[in-house]
Every structure is written in C-alpha cells, then in structure tokens.
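The values are calculated or read from the model by the stated rules, or taken from the named source; none is laboratory data. Note that the structure is predicted; figures quoted are calculated from it, not measured. No Cβ is skipped: glycine too gets one built from the backbone with ideal geometry, and neighbour counts run over all protein chains shown. Protein only, heavy atoms only, side chains kept; ligands, DNA and RNA dropped before computing areas. Shrake-Rupley method; radii C 1.70, N 1.55, O 1.52, S 1.80 Å.
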Amino acid sequence: MIASNSYFKNLASGFLFPEIAKRRREYCAAHPDAEIISLGIGNTTEPLTRHIASGMNDYIKALETPAGYSGYGDDSAGELPLREKIATVLYNGIIKGHEVFVSDGAKCDVGRFQQLFGASVNVAVQDPAYPVYVDGSVMVGAAGKSPAVHGGYCDITYMPCLPENNFFPDLSGVKKESLIYFCSPNNPTGACATREELEILVSFARENGCIIIYDAAYSSFIRDSKLPKTIFEIEGARRCALEINSFSKSAGFTGVRLGWSVIPDELLFADGTPVSALWSRLTNTFFNGASNIAQAGGLAALDAEGLEEMRDLTNYYLSNAAIIAETLRGKKFSDAGVEVYFTGNAPYVWVRFPGKKSWEVFDKILDECRVVTTPGAGFGPSGESFIRFSSFGHRENIMEACERLSDKLSL
Ligand code: PL4
C-alpha cells in the first residue's frame with residue numbers, strides 16, 4: 001500500500017467551510033423545522049446580471065456553429081483580448097495584458113502558487129486569514145513538519161491583525177525571503193490597507209527579499225477613493241508582488257468560475273528567472289485554461305454596462321453589510337461589550353464578543369437565532385472571540401436574520 005502524504009498529517013483540522021456546512025446539516029437533522037439563514041460562507045446569492053449573462057449566452061450560441069466553435073485555448077493564460085481588457089479597464093494600463101494570467105478563480109491560483117514556490121519557502125500570513133493560505137502551505141510542506149501549536153503552525157509566521165493595531169501587522173517578525181500573504185480588503189476582518197500601509201509592506205518586502213501574494217478578491221467593494229485597489233499602485237511593487245483577483249464576488253461568478261493573477265515582468269526569483277516564466281510552465285502543465293464561456297462573461301463584465309452592473313451588485317451586498325453592522329451596533333449589543341468592525345469597503349462585518357470563544361458564539365447564534373455565521377477562530381488564533389458575518393444574502397433574509405439577532409440572541 002502507498003503511504004499517505006505525510007504533510008497532510010500536519011493539518012490541524014478539516015477545512016473550515018465544509019466544517020460549517022457539516023454543523024449546519026447536523027443542526028438541521030436535529031431540528032428539521034428550523035428555517036436557517038446563512039450569514040456564513042461568502043457565497044453570492046443574486047442572479048447573474050443581464051449584460052454579463054448575455055455575453056455568455058451569445059458565446060454559447062456561437063459554440064453551436066462551425067465558425068463559432070472553439071476548444072482548448074492556445075495557452076492556459078486565457079484569451080488575449082480578455083487579458084488586455086483586464087489590464088486596461090481594471091488596472092488603467094499600469095500593468096500589461098501579457099502580465100495578466102486568466103484562471104478559474106483566486107483560490108485555485110493560490111494552490112498553484114503554493115506548488116510554484118514549493119516546500120522550502122518561508123511563509124507569513126495575516127492572522128486571521130483566509131484558511132487556504134495556511135492549509136495549502138501545509139499540504140506542500142512549506143509549513144515544515146511541526147505540529148499545530150496553540151492553534152497555529154510554528155513554522156509559519158502569524159502576523160496578528162487586531163483592532164489594537166488597526167488590523168495592520170507588525171512585520172518585524174517576518175523572516176527574510178518569505179512569501180507574505182496579504183489580503184485587502186481583508187477576509188475576514190474587512191480591513192482595507194491604506195496607501196501608507198502598503199508602502200510600508202512593499203518596502204519591507206523589497207528590503208528583505210520577500211514576495212507578496214496580494215489577494216485583492218474583494219477590491220471591487222472599495223468605495224473610499226483614497227484606498228488603493230491594487231498593490232501595483234504602490235511604487236516598487238512590481239519587483240516584489242504578484243496579485244490574485246476574481247470575478248466571483250464582483251460579477252457573481254462563484255459558480256461560473258473566473259479569476260486572474262497579475263505577475264509583473266520585473267518579479268524575479270533569486271537566480272534571475274522571471275516568476276511569470278515558471279508560472280507559465282506550471283499552469284500549462286496542470287491547467288487547461290478557464291472555461292471559454294466564463295471568459296466571454298468576463299469580457300462582457302468589463303464593458304461599460306457590465307461595470308455598471310457589477311457596481312450595482314456590489315452595492316447591494318455592501319448595503320446588506322451596513323444593515324448587519326447597524327443591527328450589531330444596537331444598544332443591546334454595545335451594553336454587552338460587543339465590538340463591531342465594518343469599513344464600508346468589504347462585504348464582511350467582523351464582530352468581537354469579548355471573553356467568549358468563537359465556536360461557542362457560533363453555536364449560540366445558530367441555536368437561538370437559526371443563523372449560520374463563521375467563527376473567527378477558524379481563520380487563525382487571532383480570530384478567537386470574533387464572528388464573521390457575511391453580507392452575501394437576499395435582502396429579506398438579511399433583514400430577518402437581523403431581527404432574530406436583535407430579538408432572540410442572549411448575551
Ligand atoms: C468558500 C480572500 C469565501 N468554498 O472564488 P475564488 O476562487 O475566485 O475566490 C476565493 C477566495 C479567494 N480569496 C479570498 C476569499 O475570501 C475567497 C472566497 N472566500 C469565504 O467565505 O471566505 C468563500 C469560501 C469556498 C472556499 O473554500 O473558498
């Protein structure tokens with residue numbers, strides 16, 4: 001028999017989101033009449049918008065014709081018109097089309113980058129963080145062989161991001177030549193790094209030979225015009241950062257699947273090899289490109305009508321988030337010491353229940369309100385005592401969930 005991959009034995013527990021789904025199923029099995037509302041997993045709920053959907057419909061119709069049919073793309077990086085449109089429309093030309101690598105989503109690209117950088121790289125993550133950064137690093141062996149300690153891996157540098165440091169980490173503990181995962185707007189805290197903070201991050205990376213994996217999956221939610229929408233607005237970032245992004249949340253493509261990564265020409269490995277060259281080598285080996293139908297949707301999304309539709313869609317979820325934040329800032333909650341963090345630039349509301357354990361609060365909210373949330377501890381040790389409320393939901397469900405939280409949750 002073949003032995004199991006030993007790195008997997010270093011994983012602390014099951015992946016967070018299936019664990020939440022499992023607890024929900026168990027609760028429903030025990031309470032078959034319960035009408036559950038999910039403010040848990042960040043999964044879009046609103047239908048595809050007209051212009052973007054018609055871009056895909058037209059493409060599907062053409063696929064039925066000899067002239068319009070297409071099979072595998074020539075390169076896994078996607079159709080050049082889409083790559084160029086992403087560069088001009090979303091990055092105002094500060095990056096070039098050939099530096100954009102279209103994919104089937106940001107999460108899938110994180111996994112491929114972990115393969116690219118391999119087992120020997122040092123890893124630093126914001127704490128709390130999207131769990132894929134840590135779990136994927138463990139799976140490829142980049143977290144070393146050390147077991148989980150205090151809810152974290154001792155060979156991964158956790159950079160606490162808390163209200164006490166305005167959710168911007170102290171970088172001084174990050175090892176030289178680290179891969180630094182940095183997500184802004186942040187999942188789960190919703191915090192958005194300012195230009196000055198990103199300048200600090202970039203200059204640290206440049207001085208210490210680090211590469212930043214900048215996860216900008218929520219950049220379309222930024223409404224404050226002073227906040228950078230991409231790391232490439234920061235001078236020097238082209239030499240030390242790559243960026244991942246996605247149509248999942250902006251266009252409702254969580255199921256359609258379309259994302260991209262930007263790898264600037266100047267981003268090099270120590271021996272001078274361009275990161276983009278090995279990325280092409282890796283992705284052309286393992287990945288046959290994003291669906292051509294999804295790419296047609298991406299092209300439509302970047303037309304003027306598509307951009308307007310994405311703005312309306314993200315506004316809808318931001319309004320949901322504002323409703324949740326307002327509810328949780330009510331007297332009942334503030335009297336109990338509950339702290340609410342909502343920036344207006346992200347679809348998540350991050351809430352601290354001082355002195356309580358996240359999973360206990362998760363169970364209590366599920367039991368008393370029949371609302372599913374995400375326990376902050378699932379995002380890392382610094383998420384303990386926090387709960388993440390997702391704004392992805394139909395408005396009537398958000399209103400109902402807020403009513404239940406106000407009326408039924410005991411604190
Ligand atoms: C549940 C910071 C959600 N089953 O859809 P993608 O692959 O383009 O983007 C995934 C992604 C990338 N980067 C960040 C994210 O927050 C997400 C999506 N996160 C969440 O609730 O935290 C969905 C999670 C999904 C999963 O496991 O990713």
Q) For Arg83, which of the numbered conditions (1) in contact with a His (Cβ under 8 Å, 6 or more places away or on another chain); (2) within 16 Å of the ligand (Cβ to nearest atom) fails to hold? A) (2)
Q. Exactly one of (1) more than 10 Å from the ligand (Cβ to nearest atom); (2) open to solvent by less than 10 Å² (accessible area, probe 1.4 Å); (3) assigned to a loop (DSSP other than H, G, I, E, B) is unmet by Gly272. Its number?
A. (2)
Q) Across the stretch 30-63, what is the total count of residues that are small (Gly, Ala, Ser) and in contact with a strand residue (DSSP E or B) (Cβ under 6 Å, 6 or more places away or on another chain)? A) 3
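Do the conditions hold for Phe167, that is, is it surrounded by 18 or more Cβ atoms within 10 Å (Cβ to Cβ), within 16 Å of the ligand (Cβ to nearest atom), in a loop (DSSP other than H, G, I, E, B) and among the aromatic types (Phe, Trp, Tyr)? Break it down stepwise before answering.
On the way: surrounded by 18 or more Cβ atoms within 10 Å (Cβ to Cβ): yes; within 16 Å of the ligand (Cβ to nearest atom): yes; in a loop (DSSP other than H, G, I, E, B): yes; among the aromatic types (Phe, Trp, Tyr): yes.
So Phe167 fits the description; yes.
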Q | Failed condition for Val102, given (1) part of a strand (DSSP E or B); (2) without any contact (Cβ under 8 Å) to a residue 60 or more places away in the chain | A | (2)
Q) Considering Thr88, Thr44, which residue is under 16 Å from Asn245 (Cβ atoms), part of a helix (DSSP H, G or I) and hydroxyl-bearing (Ser, Thr, Tyr)? A) Thr88
Q: For Gly144, state whether it is more than 13 Å from the ligand (Cβ to nearest atom), modelled with pLDDT under 95, part of a loop (DSSP other than H, G, I, E, B) and farther than 30 Å from Asn5 by Cα.
A: no
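Go through the stretch 30-55 residue by residue and tally those that are more than 16 Å from the ligand (Cβ to nearest atom) and either closer than 30 Å to Gly118 by Cα or open to solvent by 80 Å² or more (accessible area, probe 1.4 Å) (or both).
As a first pass, look at the stretch 30-55 and keep what is more than 16 Å from the ligand (Cβ to nearest atom): 30-36, 47, 49-51, 53-55.
Next, from what is left, pick out any that are either closer than 30 Å to Gly118 by Cα or open to solvent by 80 Å² or more (accessible area, probe 1.4 Å) (or both): 32-33, 35, 47, 50.
Summing the residues that are more than 16 Å from the ligand (Cβ to nearest atom) and either closer than 30 Å to Gly118 by Cα or open to solvent by 80 Å² or more (accessible area, probe 1.4 Å) (or both) in the stretch 30-55 gives 5.
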Q) Would you say Leu242 is open to solvent by less than 10 Å² (accessible area, probe 1.4 Å), away from the ligand (no atom under 16 Å from the Cβ) and touching a residue at least 24 places away in the same chain (Cβ under 8 Å)? A) no
Q: Determine if the stretch 123-146 includes at least one residue that is closer than 30 Å to Leu299 by Cα and more than 18 Å from the chain's Cα centre (by Cα).
A: no
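Restricting the stretch 198-213 to residues that are out of contact with any Cys (no Cβ under 8 Å at 6 or more places or on another chain) and either under 26 Å from Leu318 (Cβ atoms) or of a type in the set (Gly, Ala, Ser) (or both), which is surrounded by the fewest Cβ atoms within 10 Å (Cβ to Cβ)?
Gly209
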